[in-house]
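Asks: This is the structure I have questions about; it appears just below.
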Amino acid sequence: MLTPKKVFVDTITTQCDLMLPDLRMGGTQNSGPPRATRFLIPNSEYQDKGLHGLYLPTKDILVVEGSVIGYMQGHNVFGSCDVQNLVLESYKAAHITSALPLSKDEKRRIEQDEGLTLKRLDVGVNLALPSDTPISRVLVELAHKMIDAGIDTSTYGHGETVYRSQHSQSSSHKFYDKAKQLYDTRGLPLNLPNRDAILEFTKTVIRSEIVLRYPKMKILEMTKPRDWTFAKLKAELVSAFDRLHLSGTVRAGLSALDLRDVKHMYRTTYRCWEHGDDLQVLLEPKAYKRQVAYFESIGFDITTPPPVSGEETPLGDIFTLSNAVEPPPELWGDDDDAEAVEC
């Protein structure tokens, strides 16, 4: 059952219509378009976890964007799905850090959800990764099945990120290797509590996020933070996963080999061999000899059929909300707002 602890809201972009005649951005440089000021809402506790702001003085519009859960807790591996509170916290951060001081009237309006318009919401869940199965295998199989089903699919790396409708101005859906992203970007602060345990948790899951943009929210008539209750977030997640209609399976792996450890030119050959294809029919004799030598160097004899053993997991059992997991309780710390509530 999907509970609030399994759902989190990562990136949020919100526009606020202010009512101030002038805001003095002391010390900031105008790096945006004419009459626009871009600025950082810094995080004093965790470096590189700040939010970003854009102020348009001619229209008295303030835009705040970024990962609010990342700003609040130092990471965005999991967190709150309380959209209204997260938006409020982002504007509190802008005021408290003096990135953009707000008057009492402005603070009151924001607290009452007045003048606020959502422009983007990234809603995520973590899906359990089958044991002894590298995430690259699962995402590669996902991409193949999505393409076979005629779904608008984009991929990055080899088993790193898979998108549905990536460039849609309405909504998109992505799956990726969160552990690798954190490793590549050094995304967990060194002073983060439970840092190692959180990183280990990311190695056991597949990250899935739906990106909801303003045109879709406008059609739904849900452009206010208060509109996005847990029930509404859940409904959008269910709708996104229902579009996949996945068939096929993924094998646990003959040796738990991560395809990213295989040179690019040999990855297709390995997948064909593992699935039982006749490589002597698929490859020219010289290419076959060269590839046999390569795989011998990493411990595989592709001149013989692969073992028939190896548990296979239906993709539909992996990429489903019933496979969503919540992090271990000890990783939540003292987060009293993250109680799991059945719906």
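Asks: Can you tell me how many residues within the stretch 151-179 are surrounded by fewer than 15 Cβ atoms within 10 Å (Cβ to Cβ) and either among the charged types (D, E, K, R) or modelled with pLDDT of 90 or more (or both)?
Replies: The total comes to 4.
Asks: If a residue has to be open to solvent by less than 50 Å² (accessible area, probe 1.4 Å), in a helix (DSSP H, G or I) and not small (Gly, Ala, Ser) to count, how many in the stretch 58-72 make the cut? Before the answer, list the steps.
Replies: Here is the first cut: in the stretch 58-72, the residues open to solvent by less than 50 Å² (accessible area, probe 1.4 Å) are 60-64, 66-71.
Imposing the further condition that a residue be in a helix (DSSP H, G or I) reduces the set to 68-71.
Applying the additional criterion that residues be not small (Gly, Ala, Ser) yields 68-69, 71.
Within the stretch 58-72, residues that are open to solvent by less than 50 Å² (accessible area, probe 1.4 Å), in a helix (DSSP H, G or I) and not small (Gly, Ala, Ser) number 3.
Asks: Any idea which residue in the stretch 82-105 is surrounded by the most Cβ atoms within 10 Å (Cβ to Cβ), counting only those that are in contact with a strand residue (DSSP E or B) (Cβ under 8 Å, 6 or more places away or on another chain) and in a helix (DSSP H, G or I)?
Replies: Looking at the filtered set, the residue picked out is Val87.
Asks: Just give me the residues in the stretch 181-195 being over 12 Å from the mean Cα position of the chain (by Cα) and assigned to a helix (DSSP H, G or I), in sequence order.
Replies: Here is the first cut: in the stretch 181-195, the ones over 12 Å from the mean Cα position of the chain (by Cα) are 183-195.
Correct list: Tyr183, Asp184, Thr185, Arg195.
Asks: Which of the residues that make up the stretch 210-254 are within 19 Å of Val87 (Cα to Cα), in contact with a helix residue (DSSP H, G or I) (Cβ under 9 Å, 6 or more places away or on another chain) and not charged (D, E, K, R)?
Replies: Those that are within 19 Å of Val87 (Cα to Cα), in contact with a helix residue (DSSP H, G or I) (Cβ under 9 Å, 6 or more places away or on another chain) and not charged (D, E, K, R): Ile210, Leu212, Met217, Met222, Thr223, Pro225, Trp228, Thr229, Phe230, Leu233.
Asks: I've got another one for you. Scan the stretch 279-297 for residues that are within 21 Å of Val140 (Cα to Cα) and open to solvent by 60 Å² or more (accessible area, probe 1.4 Å) and jot them down.
Replies: Leu282
Asks: Here's a follow-up. What number of residues within the stretch 142-151 satisfy the criterion of being free of Cβ contacts under 8 Å to residues at least 60 places away in the same chain and closer than 14 Å to Phe175 by Cα?
Replies: 1
Asks: Right, another one. Checking Lys119 against (1) at pLDDT 95 or above; (2) under 28 Å from Pro327 (Cβ atoms): exactly one of these is not met. Which one?
Replies: The single condition Lys119 does not satisfy is (2).
Asks: Then there's this: What's the number of the condition Leu139 fails, among (1) out of contact with any helix residue (DSSP H, G or I) (no Cβ under 7 Å at 6 or more places or on another chain); (2) assigned to a helix (DSSP H, G or I); (3) open to solvent by 10 Å² or more (accessible area, probe 1.4 Å); (4) within 30 Å of Ser168 (Cβ to Cβ)?
Replies: (3)
Asks: Can you tell me which condition Tyr55 does not meet? The list is (1) outside any loop (DSSP other than H, G, I, E, B); (2) out of contact with any Gly (no Cβ under 9 Å at 6 or more places or on another chain), and all the others hold.
Replies: Condition (2) is where Tyr55 drops out.
Asks: Among the residues of the stretch 112-124, what is the count of those that are part of a loop (DSSP other than H, G, I, E, B) and crowded, with 16+ Cβ neighbours inside 10 Å? Reasoning before the result, please.
Replies: Filtering the stretch 112-124 for residues part of a loop (DSSP other than H, G, I, E, B) gives 112-115.
Now narrow it down to the ones that are crowded, with 16+ Cβ neighbours inside 10 Å: 115.
The number of residues fulfilling the criteria is 1.
Asks: Right, here's the next one. Conditions first: (1) buried (at least 17 other Cβ atoms within 10 Å of the Cβ); (2) within 18 Å of the chain's Cα centre (by Cα); (3) farther than 23 Å from Val7 by Cβ. Leu127 passes all but one, so which condition is the exception?
Replies: Result: Leu127 fails condition (3) only.
Asks: Of the conditions (1) over 30 Å from Ala149 (Cβ atoms); (2) of a type outside the set (Val, Ile, Thr); (3) modelled with pLDDT of 80 or more; (4) part of a loop (DSSP other than H, G, I, E, B), Phe295 satisfies every one except a single condition; which number is it?
Replies: (4)
Asks: Moving on. Name, by its number, the condition in (1) of a type in the set (Gly, Ala, Ser); (2) open to solvent by 20 Å² or more (accessible area, probe 1.4 Å); (3) in a strand (DSSP E or B) that does not hold for Ser208.
Replies: (2)
Asks: Sticking with this structure for a sec: Conditions first: (1) open to solvent by less than 30 Å² (accessible area, probe 1.4 Å); (2) of a type in the set (Gly, Ala, Ser); (3) closer than 24 Å to Thr303 by Cα. Gly187 passes all but one, so which condition is the exception?
Replies: Against the list (1) open to solvent by less than 30 Å² (accessible area, probe 1.4 Å); (2) of a type in the set (Gly, Ala, Ser); (3) closer than 24 Å to Thr303 by Cα, Gly187 comes up short only on (3).
Residues are listed down the side, and each one gets a yes or a no for (1) in a helix (DSSP H, G or I); (2) modelled with pLDDT under 85:
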residue: Val238; (1), (2): yes, no
residue: Asp301; (1), (2): no, no
residue: Pro306; (1), (2): no, yes
residue: Glu330; (1), (2): yes, no
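Asks: Given the condition surrounded by 14 or more Cβ atoms within 10 Å (Cβ to Cβ) and under 15 Å from Asp10 (Cβ atoms), answer yes or no: does some residue in the stretch 226-233 qualify?
Replies: yes
The values are calculated or read from the model by the stated rules, or taken from the named source; none is laboratory data. Keep in mind that this is a model prediction, so the values were computed, not measured. Cβ coordinates were reconstructed from backbone atoms using ideal geometry, including for glycine residues, and neighbour counts include every protein chain displayed. Please note that ligands, DNA and RNA were not included when accessible areas were found on the heavy atoms of the full protein model with its side chains. Shrake-Rupley method; radii C 1.70, N 1.55, O 1.52, S 1.80 Å.
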